[in-house]
1. Where in segment 178-232 are there strands (runs of 3 or more DSSP E), lying fully within it, with 1 or more residues that are in contact with a helix residue (DSSP H, G or I) (Cβ under 6 Å, 6 or more places away or on another chain)?
2. Within segment 136-164, count every residue that is part of a helix (DSSP H, G or I) and either more than 16 Å from the chain's Cα centre (by Cα) or over 21 Å from residue 188 (Cα atoms) (or both).
3. Based on what the data block shows, is residue 167 loosely packed, with under 14 Cβ neighbours inside 10 Å and either part of a helix (DSSP H, G or I) or in contact with a strand residue (DSSP E or B) (Cβ under 9 Å, 6 or more places away or on another chain) (or both)?
4. Filter segment 78-96 for residues that are in a strand (DSSP E or B) and out of contact with any strand residue (DSSP E or B) (no Cβ under 7 Å at 6 or more places or on another chain) and give the result.
5. Is there a residue in segment 112-135 that is touching a strand residue (DSSP E or B) at 6+ places or on another chain (Cβ under 8 Å), surrounded by fewer than 20 Cβ atoms within 10 Å (Cβ to Cβ) and part of a strand (DSSP E or B)?
6. Search segment 140-161 for residues that are assigned by TED's automatic domain parsing to the domain that holds residue 117 and pair each with any residue that is assigned to a helix (DSSP H, G or I) and exposed (fewer than 15 other Cβ atoms within 10 Å of the Cβ) when their beta-carbon atoms are under 7 Å apart and the residues are at least 6 apart or on different chains.
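The values are calculated or read from the model by the stated rules, or taken from the named source; none is laboratory data. These numbers were taken from a predicted model, which means no experiment stands behind them. No Cβ is skipped: glycine too gets one built from the backbone with ideal geometry, and neighbour counts run over all protein chains shown.
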């Protein structure tokens with residue numbers, strides 16, 4: 001029987017803010033009735049799931065269905081309103097332009113800081129740095145602050161850095177859309193390596209065919225709920 005790597009139970013999440021936000025004291029005093037009006041949006045409603053060790057699970061659904069919010073809650077980056085989350089192992093996550101990467105720091109510095117945050121030995125980080133930079137295709141910019149990088153370069157650097165961080169569970173948001181065709185081949189190799197090492201993966205992607213080729217299960221989300229689950233054999237191919 002497989003042990004659960006990641007699980008959550010009864011997750012609810014609602015975003016709230018004032019309809020007319022203001023930081024000025026005079027507005028709060030003179031227009032207090034207006035500033036008491038609040039806007040709210042229910043993003044997740046009673047989400048429960050369990051992912052076994054070594055299992056690959058895809059999250060699929062339209063924009064605004066709650067996929068990324070759920071992934072961020074599982075990663076511990078966003079608090080849930082109610083419910084519980086548990087993870088049995090070390091987590092690594094990939095969101096947007098590299099959450100946690102400092103735009104004023106160089107590639108070398110960001111790789112080093114990222115490794116330290118994840119508990120990687122400094123000697124190991126230094127040994128991996130050249131390979132990460134070459135693999136990400138940013139050798140010409142290695143000593144420049146990453147604010148000078150193109151969007152694709154930042155994504156590639158963040159992706160390879162995360163892939164080189166040894167973890168048990170990987171939470172990936174739109175990782176299959178990273179980079180050009182040449183880099184997508186590298187992306188496939190990195191993903192194949194994760195599977196061969198028995199890593200647990202939860203991945204958000206808008207391409208259903210791609211998810212069907214790499215995942216053991218796909219959870220379909222809509223309006224903050226899991227509305228359907230498809231199970232099927234994994235097919236070892238990332239190409240369309």
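1. Answer list for segment 178-232: 200-204, 217-222.
2. So in segment 136-164, the residues part of a helix (DSSP H, G or I) come out as 136, 139-141, 146-148, 151-163.
Next cut, either more than 16 Å from the chain's Cα centre (by Cα) or over 21 Å from residue 188 (Cα atoms) (or both) only: 136, 139-141, 146-148, 151-153.
The total comes to 10.
3. Values: loosely packed, with under 14 Cβ neighbours inside 10 Å: no; either part of a helix (DSSP H, G or I) or in contact with a strand residue (DSSP E or B) (Cβ under 9 Å, 6 or more places away or on another chain) (or both): yes.
It is false that residue 167 is loosely packed, with under 14 Cβ neighbours inside 10 Å and either part of a helix (DSSP H, G or I) or in contact with a strand residue (DSSP E or B) (Cβ under 9 Å, 6 or more places away or on another chain) (or both).
4. Looking only at segment 78-96, we keep the residues that are in a strand (DSSP E or B), and these are 82-87, 91-94.
If the condition is that a residue be in a strand (DSSP E or B) and out of contact with any strand residue (DSSP E or B) (no Cβ under 7 Å at 6 or more places or on another chain), then no residue fits.
5. To start, the set of residues in segment 112-135 that are touching a strand residue (DSSP E or B) at 6+ places or on another chain (Cβ under 8 Å) comprises 118.
Now restrict to residues that are surrounded by fewer than 20 Cβ atoms within 10 Å (Cβ to Cβ): 118.
From what is left, the residues that are part of a strand (DSSP E or B) are none.
Within segment 112-135, not a single residue is touching a strand residue (DSSP E or B) at 6+ places or on another chain (Cβ under 8 Å), surrounded by fewer than 20 Cβ atoms within 10 Å (Cβ to Cβ) and part of a strand (DSSP E or B).
6. 141/148
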